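**Q** I have a structure I would like to understand better, so I am pasting it below and will then ask my questions one at a time.
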Amino acid sequence: MLFQASALAQAAFDPPPRALTAPALGRVAPVAVEVSPEELERPTAPGPMSVAASRSTLSVQEPAASFWPLVKVEVSEALLLALTQALALLLPALTLGLSPARLFLGAWPLVFPYLVAVSWILFMAPLVLTGQSPMMGRFGVTLPENTPERRMTFSLVHMISVLCFPLSFLCMVLGPRHQTLAELLSGQELLSRPVSRMR
């Protein structure tokens, strides 16, 4: 141990020849920056016209469905649903040689599930495949949902919303976000379809 300590005391440790050196913090030379008095002035507040223009551009880019396209979708689909149910009831009535009213009153336990199934297929098939019900594409409305099971669930509540259109319209008028009955029941939202930009 004594020999090792004496050998270390006589050894000289020199720094490596390529050691990095940096000046101390207080020895850095100050940098002079030239600023004109005009650059030090505060920028003026934007006028009301520029604020309104920026808000209008933001509102155009926001994807949201307005009140009247949703009303038009539900009204047109209510008429389409009534026509589909009438045709679905008329065809078996003509086949059996009965009036539609007599067929419905005489065999309503069979006719009612048949009409519900036909009505649901009318909305479910397009919504699951394309994300739009039969009349949503005409008025530029879409359902931004990718999973088919959530689209199928929305098609069921959308059918109920179309069947109860006066109640759905009342929900749209009285609600703060103007949501349809289907949007309130499902928690999903119908948006306007994004328009492709032309270059």
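Any read-out appearing in this document is the output of simple, stated calculations on the displayed coordinates, not a laboratory observation. What you see is a predicted model; the values in this text were computed from it and never measured. Neighbour counts are summed over all protein chains in view; Cβ atoms, including those assigned to glycine, are modelled from backbone coordinates with ideal geometry.
**Q** For labels at Val173 and Lys72 in the simple 7 Å Cα→Cβ model, what's the distance in nm?
**A** Here the modelled spin labels are 2.0 nm apart.
**Q** Follow-up. Take peptides 91-97, 102-108, 69-75, 156-162 and line them up by average Cβ neighbours within 10 Å, highest first, as a rough protection proxy.
**A** Listed from highest to lowest mean packing, they are 156-162, 69-75, 102-108, 91-97.
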